[in-house]
Amino acid sequence: MTAPTNTGPFSTANGAVGIELEHVSKVYPGQAQPAVDSFSMTIEPGELVMLVGPSGCGKTTTMKMINRIIEPSSGSIRIDGNDVLSLDPNQLRRHIGYVIQQIGLFPHLTIEDNIATVPRLLGWSKKKTADRVEELLTTVQLDPGTFARRYPRQLSGGQQQRVGVARALAADPPVMLMDEPFGATDPITREKLQAEFLRLQADIGKTIIFVTHDFEEAIKLGDRIAVLGERSRIEQFDTPANILSAPANDYVASFIGQGASLKRLALIPVSEARLAPVATQPSAAQVDIEDNLRDALDLLVLTGGPSIDVSEGGRVVGSIDHAAISAALRATSGAGRVG
Amino acid sequence: MTGFDWHNLIVFLGRRYDDIFELVGEHLLVVLMSVGIALVLGTGIGLLVWNKPITRSVAISTAAVMLTIPSLALLALLSPVLGLGWGPTIVALVFYSLLPIIRNTVVGLREVPLPILESARGVGMGPIRVLFTMQLPIAWPIILAGVRIAVQLTVGIAAIAAYVAGPGLGQYIFKGLSSLGSKNALNYALTGTVSVIILALLLDAVFLLIARYTISRGLK
């Protein structure tokens with residue numbers, strides 16, 4: 001990102017900031033049970049944390065308390081050490097990117113004006129705003145010449161969601177809150193948006209809190225996953241690999257569902273496995289060393305052969321069989337487990 | 001009954017055209033003033049009640065009841081208090097303009113999708129900014145449709161205001177009706193009536209232009 005970092009009330013120079021929630025609760029008036037009960041979590045700068053849980057578990061409420069769309073009843077929330085409850089909510093929100101499932105693009109404004117919303121609120125110059133809009137449209141793979149002057153209703157759902165992400169990124173906020181941003185798109189578009197989002201996050205390294213009810217999505221995108229139960233209670237908070245290999249309790253296990261090992265394979269690149277020497281006879285299919293072990297297993301099953309070749313940059317560098325895949329899976333189980 | 005005397009009408013129009021234009025001007029002015037006042041009052045009331053279920057239904061049903069009062073009766077009721085001429089006319093026209101404007105303001109504001117309002121808050125807009133840059137512009141096509149109905153309604157009702165010596169083309173219509181049998185009775189009534197119709201059509205055309213230039217293309 002070439003745009004200057006605009007951390008606003010948050011002082012960190014490199015753009016990424018940590019978030020700490022301490023005993024945060026939300027009690028709605030007239031309800032005996034709190035919607036969120038004493039939620040505590042520390043999120044490292046630049047980390048992508050997934051909050052995953054069933055509908056109504058309070059994950060969205062938890063997230064929305066961070067930018068005070070919902071005011072917490074008690075507890076403290078600090079971003080980069082600053083207590084968000086003591087900041088002006090509007091100032092705070094201008095420095096936290098916010099993407100919701102329904103996207104919420106402003107229908108009467110062009111794509112350009114939608115993305116320029118926060119820069120204008122922050123009083124950026126026209127030139128700087130226009131440059132930033134163009135840069136962001138390119139970042140989310142929408143051609144500025146084609147899309148800048150269009151209105152939201154003229155875009156497909158996937159394109160609208162890209163604009164939603166671009167709008168949230170406009171003032172280069174250090175923190176992003178995303179509430180099931182890809183939930184309303186069809187599976188193919190969702191997969192594409194997820195892949196783009198991962199690439200984008202690799203570039204920008206924001207501190208992101210991402211709410212989803214889709215565990216597969218959580219595994220795919222998250223640095224760490226918090227599996228939430230009733231009243232936003234944290235059942236387990238760990239890396240995807242650790243949650244898959246050692247679920248903390250039955251609740252988490254039920255959330256993972258069937259085929260935990262297969263899901264874990266998807267997280268391990270082929271390069272992690274011990275490759276056998278190149279087979280004398282070339283196999284019917286090849287897997288790239290950058291692909292994951294689930295892709296490798298998929299090809300093994302498909303070809304029915306004893307092993308398949310592994311290529312790197314188009315050159316065959318080794319081969320992999322069932323035993324090597326199983327060994328890699330065992331080697332990573334429990335590795336780096338916390339608690 | 002012989003055929004209509006076109007020659008007589010043309011002579012009539014030729015003699016009184018400046019008088020007619022003045023009445024058209026008065027008619028237009030009283031309609032625009034009344035709808036202007038009703039627009040401010042009606043959107044104000046709409047903004048106050050749109051998200052409160054009880055006050056909202058009270059406001060809309062009150063305005064609906066007001067609309068059912070016959071205009072002649074209302075003018076007769078107003079004139080002992082407000083006298084004759086512009087006063088009771090404007091009050092009556094504002095009265096009839098309120099329902100379409102309040103109702104459409106309420107409907108328009110309620111139709112602004114909640115995710116849009118949440119997004120607007122989420123990017124750091126305060127309530128006043130959300131109102132003026134999001135809610136009102138998005139509700140504007142519906143509010144404008146209400147104003148258009150109010151104008152059509154009051155162009156017609158303003159003609160009846162001549163009953164309390166109000167301004168506008170109603171004076172010709174009433175003059176014609178009260179002098180039936182005289183040489184120019186039909187000319188007066190016809191000129192008044194046709195002018196009201198032409199005025200209504202022209203104003204409607206103006207509204208099409210206003211809609212075209214004030215409604216975002218993203219909302220059409």
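Where a number appears in this text, it was derived from the coordinates with a stated rule and is not lab data. Model, not experiment: these values are computed from the prediction. Every residue, glycine as well, gets a Cβ built from its backbone with ideal geometry; the counts of neighbours run over all protein chains shown.
Overview of values
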| item | result |
| --- | --- |
| Under 10 Å, Cβ to Cβ, from A:GLN102 - net charge with Lys/Arg +1 and Asp/Glu -1 | -3 |
| B:ASN8 paired with A:ASN249, simple spin-label distance in nm, labels 7 Å along Cα-to-beta-carbon | 9.9 nm |
| Residue order, fewest to most beta carbons within 10 Å, for B:MET134, B:MET66 | B:MET66, B:MET134 |
| 222 nm mean residue ellipticity, helices alone, for chain A (DSSP H n ≥ 4; -39,500 (n - 2.57); rounded to 500) | -10000 deg cm²/dmol |
| Computed over region A:57-184: relative contact order in percent, which uses C-alpha pairs under 8 Å that are six or more apart | 36 percent |
| Under Karplus coefficients 6.51, -1.76 and 1.60, residue-wise ³J(HN,Hα) of region A:69-75 in Hz, glycine/proline x | 5, 10, 7, x, 7, 7, x |
| Among B:VAL112, B:VAL24, B:VAL49: highest mean-square fluctuation, GNM of chain B, C-alpha pairs under 10 Å | B:VAL112 |
| Length-normalised contact order for chain A - Cα pairs under 8 Å, 6+ apart - percent | 18 percent |
| Whole-Hz couplings from phi, Karplus 6.51/-1.76/1.60, listed for region A:310-315; x for Gly and Pro | 10, 10, 9, x, x, 9 |
| For residues of B:133-143, the mean tally of beta carbons on other chains within 10 Å | 2 |
| Average beta carbon contacts from partner chains per residue of A:273-285, 10 Å cutoff | 0 |
| Relative contact order %, region A:194-322, counting alpha carbon pairs below 8 Å whose residues are six or more apart | 16 percent |
| Within chain B, helix-based [θ] at 222 nm, where runs of 4 or more DSSP H residues each add -39,500 (n - 2.57), nearest 500 | -27000 deg cm²/dmol |
| Summed side-chain charge close to B:GLU118 - residues other than B:GLU118 whose Cβ falls under 12 Å, Lys, Arg +1, Asp, Glu -1 | +2 |
| Ranking of A:ASP295, A:ASP83 by count of other Cβ atoms within 10 Å, fewest first | A:ASP83, A:ASP295 |
| Dipole of chain A, positive end: most advanced residue of A:ALA218, A:VAL163, A:ALA16 [Cβ charges, Cα centre] | A:VAL163 |
| Rounded FRET efficiency, nearest 0.05, which uses the C-beta distance separating A:GLN31 from B:LEU201 and R0 of 56 Å | 0.45 |
| A:TRP124 long-range amide H proximity, modeled H, under 5 Å | none |
| Selected from A:ILE219, A:ILE77, A:ILE289 as most flexible by GNM, with chain A as the system and alpha-carbon contacts under 10 Å | A:ILE289 |
| Amide H within-cut-off set for A:ASP179, under 5 Å, with H built and near neighbours excluded | A:VAL99, A:ILE100, A:GLN101, A:VAL211 |
| Length gained when the stretch A:ALA285-A:GLU312 is fully extended (0.36 nm per residue, less Cα-Cα span) | 8.4 nm |
| Cα gyration tensor, region A:200-264 - rounded (a/c under 1.5), prolate or oblate | oblate |
| Protection proxy ranking of A:306-314, B:163-171 - average other beta-carbon atoms within 10 Å, highest first | B:163-171, A:306-314 |
| Sites B:ALA76 and B:SER178, calculated FRET efficiency, Cβ-Cβ separation with R0 30 Å, nearest 0.05 | 0.95 |
| Cβ neighbours within 10 Å from other chains - mean over B:6-12 | 0 |
| Antiparallel content of DSSP bridges confined to the protein assembly as shown, in %, to 5 | 50 percent |
| Flagged links, alpha-carbon separation over 30 Å, of A:LYS64/A:LYS220; A:LYS127/A:LYS206; A:LYS64/B:LYS52; A:LYS26/B:LYS52; A:LYS26/A:LYS263; A:LYS128/B:LYS52 | A:LYS26/A:LYS263; A:LYS128/B:LYS52 |
